[in-house]
Amino acid sequence: MSISAGIDPVTDLAHHHDARRVQIAGKRGPVSFVWGDFVTAQGTQITGASGLWSPLPHGRAGLEVTAVAADGVRIGGELVDGSAVLHAHAEDGPTVAEFADGAEGIIFSYDGSRFALQVWNPGSEWAERFDGISAYPYDASWVVTGEVALLESGRTIAISHHRDPAPVEVPVIAEVRFARDGREHVLLGTSGGPGRDGITLLFTDATSGPETYRAGRLLALPERRAGAVELDFNRTALLPCAFSLAWNCPIPAAENALGIAVRAGEKHAVDGEGRELL
């Protein structure tokens, strides 16, 4: 989160926003996400994907598609006319399905027991509308010193998702404390996901809804370590669901509702006329 050497913080933040825009609009950027749900029944139709999709037998890692040549489904570059397997792991076989409209499908799994087809299309409605991200101007007062306490006590936090209202208990890996407006505030941190070493702080604040994306925002700490840390709220980011309705985003837990207005960081995904996408 440190400022690049020799670059003033305003310019550095502008570069950060430029990089974010490129990433968001990319082939696997959030606005290209069309759908992603677990396939648990034979012959399932998937939004944005051609063919009929089914689980593989015996818990094999992937999905089977049944299609005719006119459907235009290609796996491993080969046109499917009958059935073919899309694998979760490259060592087992092809892992990308190509569709006639330019969309692609890949396999996703949380635990290796159920498999979802994620559909990505850089020509999606959201990708076509997306032009940039509105954000607050740089504010040096929102670069604050926090204190990280790592937790190994088995504490969890209840997090719901947009399409899954039943809360899921997620391990809390850290408590992050900081002072603002004469008060101490605490955010509970969770893991950024498999293979990621940092701390994710999902939160809402007094701007959530009136000024910023209603579901909340996040601040990512790149390292999972205890002690003093720089919290640059100017790098506060939108959740993926601010860019496409296909995302099943986590909803920040009640414990991470800040009673202050964090007027720093990203506000909304917008189109070419500055209108909010969502």
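The values are calculated or read from the model by the stated rules, or taken from the named source; none is laboratory data. Bear in mind the structure is a predicted one, so any value in this text is a computation, not a measurement. Here the Cβ is made from the backbone with ideal geometry for all residues, glycine too, and neighbour counts use every protein chain on show. Accessible surface areas use protein heavy atoms only, side chains included; no ligands, DNA or RNA. Shrake-Rupley method; radii C 1.70, N 1.55, O 1.52, S 1.80 Å.
The set of residues in region 211-224 that are under 20 Å from CYS249 (Cα atoms) and not in a strand (DSSP E or B) comprises GLU211, TYR213, ARG214, ALA215, GLY216.
Residues checked against (1) in contact with a strand residue (DSSP E or B) (Cβ under 9 Å, 6 or more places away or on another chain); (2) at pLDDT below 95; (3) charged (D, E, K, R); (4) open to solvent by 20 Å² or more (accessible area, probe 1.4 Å):
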site	(1), (2), (3), (4)
TYR110	yes, yes, no, yes
ASP131	yes, no, yes, yes
GLY154	yes, yes, no, yes
ARG183	no, no, yes, yes
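VAL144 falls short of the stated requirement of being within 30 Å of THR40 (Cα to Cα) and not in a loop (DSSP other than H, G, I, E, B). Check region 11-26 and report whether any residue there is open to solvent by less than 80 Å² (accessible area, probe 1.4 Å), more than 30 Å from ARG224 (Cα to Cα) and hydrophobic (A, V, I, L, M, F, W, C). The answer is no; no qualifying residue exists. Check off (1) at pLDDT 95 or above; (2) open to solvent by less than 40 Å² (accessible area, probe 1.4 Å); (3) touching a helix residue (DSSP H, G or I) at 6+ places or on another chain (Cβ under 8 Å) for GLY189 and give me the number that stays unchecked. Failing condition for GLY189: (3).
Does at least one position in region 254-261 carry a residue that is touching a residue at least 40 places away in the same chain (Cβ under 8 Å) and in contact with a Leu (Cβ under 6 Å, 6 or more places away or on another chain)? Checking region 254-261: at least one residue is touching a residue at least 40 places away in the same chain (Cβ under 8 Å) and in contact with a Leu (Cβ under 6 Å, 6 or more places away or on another chain).
The requirement of being in contact with a strand residue (DSSP E or B) (Cβ under 7 Å, 6 or more places away or on another chain), at pLDDT 95 or above, aliphatic (A, V, I, L, M) and surrounded by fewer than 20 Cβ atoms within 10 Å (Cβ to Cβ) is not satisfied by ALA261. Would you confirm whether or not region 45-57 contains a residue that is open to solvent by 50 Å² or more (accessible area, probe 1.4 Å), touching a strand residue (DSSP E or B) at 6+ places or on another chain (Cβ under 7 Å), in contact (Cβ under 8 Å) with a residue 24 or more places away in the chain and in a loop (DSSP other than H, G, I, E, B)? Yes, that holds for at least one residue. Scanning region 177-212 for residues being under 22 Å from THR156 (Cα atoms) and among the hydroxyl-bearing types (Ser, Thr, Tyr) gives a total of 4.
With respect to being in contact (Cβ under 8 Å) with a residue 60 or more places away in the chain and open to solvent by 70 Å² or more (accessible area, probe 1.4 Å), GLU147 fits the description.
Of all residues in region 109-129, those that are aromatic (Phe, Trp, Tyr) and either at positive phi or outside any loop (DSSP other than H, G, I, E, B) (or both) total 2. Of all residues in region 27-44, exactly one satisfies the criterion of being hydroxyl-bearing (Ser, Thr, Tyr) and surrounded by fewer than 16 Cβ atoms within 10 Å (Cβ to Cβ), namely THR40. The number of residues in region 225-278 that are part of a loop (DSSP other than H, G, I, E, B), within 30 Å of GLY48 (Cβ to Cβ) and not polar (S, T, N, Q) comes to 14. Only one entry in ALA88, ALA84, ALA97 is more than 30 Å from ARG225 (Cβ to Cβ), of a type in the set (A, V, I, L, M, F, W, C) and open to solvent by less than 20 Å² (accessible area, probe 1.4 Å), namely ALA97. The numbered conditions (1) hydrophobic (A, V, I, L, M, F, W, C); (2) within 29 Å of ASP111 (Cβ to Cβ); (3) open to solvent by 30 Å² or more (accessible area, probe 1.4 Å) are all true for CYS241 except (3).
Residue count for region 130-141, restricted to those that are small (Gly, Ala, Ser) and part of a loop (DSSP other than H, G, I, E, B): 0. Taken as a whole, the condition of being within 23 Å of LEU150 (Cα to Cα), modelled with pLDDT of 95 or more, in contact with a helix residue (DSSP H, G or I) (Cβ under 7 Å, 6 or more places away or on another chain) and open to solvent by 40 Å² or more (accessible area, probe 1.4 Å) applies to ARG235.
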